[in-house]
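Just below is one structure, and these are the notes that go with it.
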Ligand SMILES: [Zn+2]
């Protein structure tokens, strides 16, 4: 069984956790200004990274708090966990993401329609 | 309340369970259902909680995943388990008729500090395990390291036991023996008790 390090509780068995998908997706401040394509991209388009990916995790059967984790989607190794609200860390020579340091794919609206 | 039509009756979770006190062949783990208790779910900011002292005798000053147990003062029999950065489970081993008074006491002591306080007395029940094999029995369904270093007296956390979510508390030892209190939802009560009892028998049969 994998051990996952909750930032609040320390290392705990993986069955206590739940993955909430890609992290650092900024919600639009005014959703009514988005057109259908932008809205669809926000809801459904994800980077689906092969390699290190930032994900949201919840310590569901523990402290029940959300946090972020860097997980290698090839090896399933969780490289680091960090608090909600903290910027995504880049570790071990990993290539930096987009200029914002968060999104590794075009932001909603920047994708060709 | 007397004006309301009775639509349901609260029954003891263990009604018609005939082997509740069946002697196990494992002498090193005694399993018993704890007496009914009052329980409150408290959510409040961690900094505010640290400043709140001991509302109604409940000590909120502990670190995450630990338990404070007041035994020797007026607030005897009160447990406070800090389950997360801003969440506590408060347990008072007192009569059910004291719920309103205790709630009022907590509310008065917390004063203007923003918080939510919910009476969850009847949501949970507790099963107690004691004896040298208690941790082994718990580990048949719970993957946590329950060794004395990883899970010493004064530890409390939400976790899993088989298919049930539980809150596991390591209370003060009874003599030399460890005492674990397992809080679970009452609808899981029979499942938890039967599972623990069966595990104790299996482990006892192996020794
Ligand atoms: Zn946690």
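Computed from the coordinates by the stated procedures, all read-outs in this text should not be read as laboratory data. In this text, all values refer to a predicted model and were calculated from it rather than measured experimentally. Glycine gets a Cβ as well: all are built from the backbone with ideal geometry, and neighbour counts include every protein chain shown.
Observations on the model:
- Helix B:99-110 vs. chain B, principal-axis angle (Cα, 0 to 90°, nearest 10): 60
- Whole-percent pair-distance distribution, where bins are 10 Å wide, for the alpha carbons of region A:25-82: 19, 35, 33, 13
- Distances between every pair of Cα atoms in region B:98-141, grouped in 10 Å steps from 0 to the bin holding the largest one, split as 20, 31, 19, 25, 5 percent.
- The angle separating the long axis of helix B:189-206 from the principal Cα axis of greatest extent in chain B is about 40 degrees.
- As a ratio to 2.2 N^0.38 Å, the alpha-carbon radius of gyration computed for chain B takes the value 1.07.
- Gaussian network model of chain B, Cα within-10 Å springs - most flexible of B:108, B:133, B:156: B:108
- Whole-percent pair-distance distribution, where bins are 10 Å wide, for the alpha carbons of region B:95-207: 12, 37, 30, 16, 4, 1
- Stokes-Einstein translational diffusion, region B:37-119 - Kirkwood Rh over all Cα pairs, 1.306 mPa s, 10 °C, in µm²/s: 127
- Per-residue mean of foreign Cβ neighbours for A:51-64 is 3 (Cβ atoms of other chains, 10 Å radius).
- With distances taken between every two different alpha-carbon atoms, the protein assembly as shown has a Kirkwood hydrodynamic radius of 22.5 Å.
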